Structures are given as structure tokens and as C-alpha cells.
Amino acid sequence: LSPSYGGGLYINSSKLIISHCEIRNNKAYVGGGICINYNSSPTIKNCSIYSNESSGSGGGILIFNGSSSIIENCLVYSNTSLGGGGGGGFYITGGPAIKIINTTITNNNASTIGSNIRILNSSIGYDPSFINCIVWDAHIL
């Protein structure tokens, strides 16, 4: 039985640092690997997020509900979103300061849209930043 939010990590109204970790082989409805929710602001550095699965949205990482995040020097690969929300690697909706830096996002899968990355409801001032990233080899199932 899979959890609803964050198969590997569920971060809710929190600020924390995650460093040098592997987050793999997890399942959830949203945020198969990591779910970042409700005004959270984690820093995730030097981590590998892979082989996670969501049945809804965000196979690797889901960021929503006003959360900001820094994801730096990470590998996000081989994650899958089987639901209509898409976002095999990342599913991002809103958030004041989302920065993805020096990160490789590859070989993620979605059954609908956004195999590697899906960004939804972004608005002026709330656009995520992708700095010096590599995004390649995506698949729609």
C-alpha cells in the first residue's frame, strides 16, 4: 500500500537540509520520491532521486502549495508518473523561490505530459529557475 504524499519523503511546513542521500524505489499518489508541501523550503544537495513512481503527479519530486526549494547538484532520473498530472521527474506548481541548480534531469516517464518536468500555474514572480541544468531523454508512455 502506497502513501498518498511523498513515498520517500513528505516535507510539510518545514525547512530542512537533505544532503548526500539516495531516494529510490518509492511509490505514492503524488511525489513518488519526495513531496514538498505547504510553505516548506528544503535544500536538497548532492542527492540521487531515481526509480520512484507516482500514480497521480510528480514521479520524482512534487513541489506545491507555496513551497520554495533549492535543489542543487542532484540527479533526477528514471522516475515515472502514471497519472493524468504528469511530471515524471518534477511536477512544480507555484512557489516563491524554486531554484534547480547544476542538476541533471533525464530518462523520466509520464503517461500524459511533462515526462521530465511539468510546471503548472506559474505566475510572474513565481517562476522556477533552472540554472546550469541538463534535461534530456524523456518519454511519454
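Nothing in this text is a laboratory measurement; each read-out follows from the coordinates by a stated rule. Computed from a predicted structure; not experimentally measured. Cβ sites come from the backbone with ideal geometry, for glycine too, and all protein chains shown count toward neighbours.
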Inset, instruction - May I ask you to order 105-112, 83-90, 65-72 by the average number of other C-beta atoms within 10 Å around their residues, highest value first? - result: 83-90, 105-112, 65-72
Legend entry - Inter-label distance for Asn73 and Ser19, nm, one decimal - labels placed 7 Å from Cα along Cα-to-Cβ: 0.9 nm
Legend entry - Alpha carbon centroid spacing (whole Å) that separates segment 94-124 from segment 36-56: 11 Å
Inset, instruction - Identify which of Ser14, Ser41, Ser81 has the largest mean-square fluctuation in a Gaussian network model of the chain, with springs joining Cα atoms closer than 10 Å. - result: Ser14
Legend entry - Nonlocal amide H pairs with Val135, under 5 Å, H built at 1.01 Å: Ile105
Legend entry - At 1.002 mPa s and 20 °C, Stokes diffusion of segment 1-129 via Kirkwood alpha-carbon radius, µm² per second: 159 µm²/s
Legend entry - Karplus-derived HN-Hα couplings along segment 106-118 (A = 6.51, B = -1.76, C = 1.60, θ = phi - 60°), whole Hz, x at Gly and Pro: 8, 6, 8, 10, 9, 7, 10, 10, x, 4, 8, 9, 10
